[in-house]
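So the structure is just underneath, and the comments pick up after that.
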Amino acid sequence: MELFSDTIKEGIKVHYRNTNKYKTNLVTAFLSVPLNRKTATQNSLIASILRLGTATRPTQEEINKRLEEMYGAEFNCGIEKLGDTQILKFYIEVLNDNFLPQKENLLEQAINELFDLIFNPILENGGFKKRYIETEKVNLKNIIESKINDKDQYSFDRCIEEMYKNDAYSTYKYGYVEDIDKITDEELYNQYKNLIDSAKIDIYVSGEYNKQEIKDIIENNPNIQKLSPRNVANIVEEKNTSTTGDDNSNDTQPNTVIEKQNVTQGKLVIGLDIDANKNESKYILGIYNVILGASATSKLFQNVREKASLAYSARSLYVWQKNNIYIRCGIEIGNFDKALPIIYEQLEDMKNGNFTDDDVESAKRTFVSAIKAIQDEQDEEITYFIGQELSGNIPDFEEYTKRILEVTKEQVQNIANKISINTIYFLRN
């Protein structure tokens, strides 16, 4: 697996993943900016407006017609949050010319269409079309308000908000309903111009193609040529080396938050701090997390769900960007006081080394399978690469696999003793 990267201008990179594994070519552009409460809602709104029309194709109908002409090419955009970074993601996927009746330079067409959508929007009176702004304000409001319908994700987000009250990471990636109506047309377009001038821009081209031809196409695109260099050190710098948000060390009581809503199932989320450098310990923490709660044979699944029958679901998630682990359980509301001690037991078992070498080896196999699975999905592979780019500390797949296989039981136990509970969040009726 090889990924070649070229810096077009300071803060603007093109990454080439040349492979014949897929029948499609995928072009993805990431615009990365510091996560900020003031601009998060504006950026979400901008992303949704841009997909509606360009200066050359001013309506969504015309864009869709053009995509159909390109053998049903797929275009979409979205908002992601990676650590303290908000990312506007735009992608277009087209068939490889090798699978067409004749060569049509479909990838070149896709690149030009994508750049037009991002950098050459339809404007009126020196700003975005008012009708598009009003439509997307309503749509964005619906997206933000609907987050409460997914109680599992809602509870996870709320635990993060409580852990990181004074940190950018608490910001919801789509922004906030109360901010939407405050955004003026002029303010929105000014933020767009600021975004285009200052965001770290990463363009990934995945598929089978002639690298030099595609490099020339990208560098000569008029939309790319007009972009200015930018200083993006605030995006890629190392932000976190050990613990988190609110300072809960081993000798302080965790913050407990109980929220009431009209729910039939309780949602328990426990946020864990890790007092260790994430770049040195992420491989060990990956194995720790699988043993604790990221597989069907994990301690949480087996002891909280299967043996004690106290949870509909019991799992854990390692978020390497902020060096946290989150335990997530769906439980009967009346089982809260019963489930907590058993969860604590699993954390203590890890600290005391009450797991086997076979558990470690099984976790390694699970982790290595997950790494291989990423490489089988074109979009997943690109997502991994942008994580590499923004952190500057994620190895390639081969190195990642090697480091995982080197983890020992002793290392896992040692890291377990550097983990403490920061926040307990429970959603109940």
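Could we say that residue 422 is buried (at least 16 other Cβ atoms within 10 Å of the Cβ) and not in a helix (DSSP H, G or I) here?
yes
Run down 363, 373 and say which single residue is aliphatic (A, V, I, L, M), modelled with pLDDT of 95 or more and surrounded by fewer than 16 Cβ atoms within 10 Å (Cβ to Cβ).
Unique residue meeting the criteria: 373.
Which of (1) surrounded by fewer than 18 Cβ atoms within 10 Å (Cβ to Cβ); (2) over 26 Å from residue 213 (Cα atoms) does residue 88 not meet, given it meets every other one?
(1)
Does the range 304-314 contain at least one residue that is modelled with pLDDT of 95 or more, within 18 Å of residue 423 (Cβ to Cβ) and either of a type in the set (A, V, I, L, M, F, W, C) or not assigned by TED's automatic domain parsing to the domain that holds residue 409 (or both)?
There is at least one residue in the range 304-314 that is modelled with pLDDT of 95 or more, within 18 Å of residue 423 (Cβ to Cβ) and either of a type in the set (A, V, I, L, M, F, W, C) or not assigned by TED's automatic domain parsing to the domain that holds residue 409 (or both).
Yes or no, residue by residue, for (1) in contact with a strand residue (DSSP E or B) (Cβ under 7 Å, 6 or more places away or on another chain); (2) within 17 Å of residue 223 (Cβ to Cβ):
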position: 10; (1), (2): no, no
position: 14; (1), (2): yes, yes
position: 47; (1), (2): yes, yes
position: 74; (1), (2): yes, no
position: 83; (1), (2): no, no
position: 100; (1), (2): no, no
position: 111; (1), (2): yes, yes
position: 115; (1), (2): no, yes
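Would a scan of the range 271-293 turn up a residue that is of a type in the set (Gly, Ala, Ser) and closer than 24 Å to residue 150 by Cα?
yes
Residue by residue, here is whether (1) assigned by TED's automatic domain parsing to the domain that holds residue 364; (2) part of a helix (DSSP H, G or I); (3) modelled with pLDDT of 95 or more holds:
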| position | (1), (2), (3) |
| --- | --- |
| 247 | no, no, no |
| 259 | yes, no, yes |
| 267 | yes, no, yes |
| 270 | yes, no, yes |
| 280 | yes, yes, no |
| 284 | yes, yes, yes |
| 288 | yes, yes, yes |
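Criterion first (of a type in the set (S, T, N, Q), assigned to a loop (DSSP other than H, G, I, E, B) and either surrounded by fewer than 19 Cβ atoms within 10 Å (Cβ to Cβ) or touching a strand residue (DSSP E or B) at 6+ places or on another chain (Cβ under 6 Å) (or both)) does residue 142 satisfy it?
For residue 142, the condition - of a type in the set (S, T, N, Q), assigned to a loop (DSSP other than H, G, I, E, B) and either surrounded by fewer than 19 Cβ atoms within 10 Å (Cβ to Cβ) or touching a strand residue (DSSP E or B) at 6+ places or on another chain (Cβ under 6 Å) (or both) - is not met.
Would you tally the residues in the range 279-335 being among the aromatic types (Phe, Trp, Tyr) and out of contact with any strand residue (DSSP E or B) (no Cβ under 6 Å at 6 or more places or on another chain)?
Number of matching residues: 3.
Among the residues of the range 169-219 satisfying the criterion of being over 19 Å from residue 45 (Cβ atoms), hydrophobic (A, V, I, L, M, F, W, C) and assigned to a helix (DSSP H, G or I), which is farthest from the chain's Cα centre (by Cα)?
Result: 217.
Of all residues in the range 388-419, count the ones that are loosely packed, with under 15 Cβ neighbours inside 10 Å, in a helix (DSSP H, G or I) and of a type outside the set (Lys, Arg).
Within the range 388-419, residues that are loosely packed, with under 15 Cβ neighbours inside 10 Å, in a helix (DSSP H, G or I) and of a type outside the set (Lys, Arg) number 4.
For the range 290-312, how many residues meet the condition of being under 22 Å from residue 273 (Cα atoms) and surrounded by fewer than 24 Cβ atoms within 10 Å (Cβ to Cβ)?
Residues that pass the stated criteria total 4.
Determine which member of the set 81, 65 is over 19 Å from residue 136 (Cα atoms), among the basic types (Lys, Arg) and in contact with a Leu (Cβ under 9 Å, 6 or more places away or on another chain).
Checking each option against the conditions leaves just 81.
Collect the residues in the range 1-49 that are more than 16 Å from residue 215 (Cα to Cα) and either touching a Pro at 6+ places or on another chain (Cβ under 8 Å) or among the hydrophobic types (A, V, I, L, M, F, W, C) (or both), keeping them in residue-number order.
Result: 1, 10, 11, 30, 31, 33, 35, 40, 45, 46, 47, 49.
The values are calculated or read from the model by the stated rules, or taken from the named source; none is laboratory data. Owing to the predicted nature of the structure, the values given are computational and were not obtained by experimental measurement. No Cβ is skipped: glycine too gets one built from the backbone with ideal geometry, and neighbour counts run over all protein chains shown.
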